[in-house]
Amino acid sequence: MSPVQSSITEAKGWAMQDNGKWAYANNKIPHTDSRSNASRPGGLNQLGQDNFISIELRKIMIDDVQYNVLIKKYEDGEFEFPFLQREWKSFRSIDYYVFKGEKLKEMLPEDVPFNTPYLVDLNCYVAGKIKNFEESVFMGNRLILSSYATGVIGNFQASQAGYEDAIIRAIQDRKVGKIINDGNLILAVYPIKAKDKEMVRFKLIKAYKHENLIKIQTSPDNWRDLFEENFYEVGFNIYSNFIRESQAYFIELDKVITAYDSNYNWGLLRYQIGDYLGALEAFNKALEEDPSTDDFLIYSYRGNTRSKMGLHSTAIADFDKAISLRPKRIIDYPNWIRNYFNRGVAKYYMDNLTGACEDWKKAYDLGYGSASEYLMDFCGEKIK
């Protein structure tokens, strides 16, 4: 499973109160009881009707098909003695929903229907809940490669333990028929444009994969009613970035992977999900198809791939080649500069600190400001 590709971490939750007034809270939909909302005790009541810490999108490949994983992290808890409702224990949980990547187009249509609500049935491959999840632990003391700005994340160094493993196991069990998925998610979206403001109201509606129920829930007759009692609200740019940043990772693949572009795209996908061996094989096949390409990025990605596999010597050769293919378009220049930085990382792991510092200095002088931290921490440079 890929790292987080996009997320929403802040939203205003609104709820209609029993006194006819709207109440709101940050990242939480308040209760409908107007009197107790202001003075509810801790525990279950503080969770609101709904709440979230973050809503994230990731990607995973299932049988060579691109899927997304929507992960909602939220405050949760339970009573040690439920019948007596005593001894409340707080913890954090996750709801996850795995759906085909092509659904992203429905979540944010090209022509956004402002002032008209719409629903998207994600038709989930698998869905579930993980109570009291433990965050994956990031590995320390490791230099991070710079990512190139084409939608591939290059700095994920996390252990795939914890909730990621649980989600992957659920996908595998669904694939081999050990479990039957009856969970689903319907995304309700209401983009609003009023004067100079653009915002989006949205709801995540848990559902069952039952044909008649889905028809009723997604009927246009019910769309506007969904937003009459409660919803989350964010700026339109926040919602659109949430979808578009993840869409940037969706790559149209040819069914027969033989041409340069198809192998190149396949390599990018494998790189995103951490399958570096598969990525390397795809990049190699692409270069066999077109060994004279002047596209520096394929050498950049193959260099990053080899670095992540510990093949630093051959990674340096790839970065050398990428640097030799200076781009003609100004828009490609920032990505090209990163080759100096990433070559410096590879040299560092080859115990060539002098060479690493020279490359980081070159990257910094050419405009890659992030190299300053490495120059100060590893090379003794003083950067103002």
Neighbour-limited loop hits for GluC sites (Glu not before Pro), the stretch 6-109 (at most 14 other Cβ within 10 Å; DSSP other than H, G, I, E, B)
GLU10
Rounded to whole Å and sorted largest first, list the principal axis extents of the Cα atoms in the stretch 327-384.
33, 28, 12
Please enumerate, by chain and number, the lysines with C-alpha under 29 Å from the C-alpha of LYS197, excluding those fewer than 8 residues away in the same chain.
LYS12, LYS21, LYS28, LYS72, LYS73, LYS103, LYS105
Expressed as a rounded percentage, what relative contact order does the stretch 299-384 have, with Cα pairs under 8 Å and six or more residues apart?
21 percent
In the stretch 260-379, taking the dipole from +1 charges on Lys and Arg beta carbons and -1 charges on Asp and Glu beta carbons about the Cα centre, the listed residue (LEU353, CYS379, ASN339) farthest towards the positive end is CYS379
At R0 = 30 Å, FRET efficiency that the Cβ-Cβ distance of ILE205 and ASP275 yields, to 0.05:
0.35
P(r) of the stretch 260-379 in 5 Å steps, Cα pairs, percent per bin?
2, 13, 21, 21, 21, 13, 7, 2, 0
Which aspartates and glutamates, if any, have their Cα less than 19 Å from the Cα of LYS100, not counting same-chain residues under 8 positions apart?
GLU56, ASP63, ASP64, GLU110, ASP121, GLU164, ASP173, ASP182, GLU211, GLU245, GLU252, ASP254
Rounded to whole Hz, the Karplus (6.51, -1.76, 1.60) HN-Hα couplings of the stretch 366-371, x for glycine and proline
7, x, 8, x, 5, 5
What ranking do 165-174, 276-285 get when scored by the average of other Cβ atoms within 10 Å per residue, highest first?
276-285, 165-174
What lysines sit close enough to LYS308 to cross-link, taking a C-alpha to C-alpha distance under 25 Å and skipping anything fewer than 8 places away on the same chain?
LYS59, LYS285, LYS321, LYS347, LYS361, LYS362
Order of TRP336, TRP88 from fewest to most other C-beta atoms within 10 Å?
TRP88, TRP336
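All of the numbers you see were taken from the coordinates with simple rules; none came from a lab. Source: prediction; values computed, not measured. Using ideal geometry, Cβ is built from the backbone for each residue, glycine included, and neighbour counts are taken over all protein chains shown.
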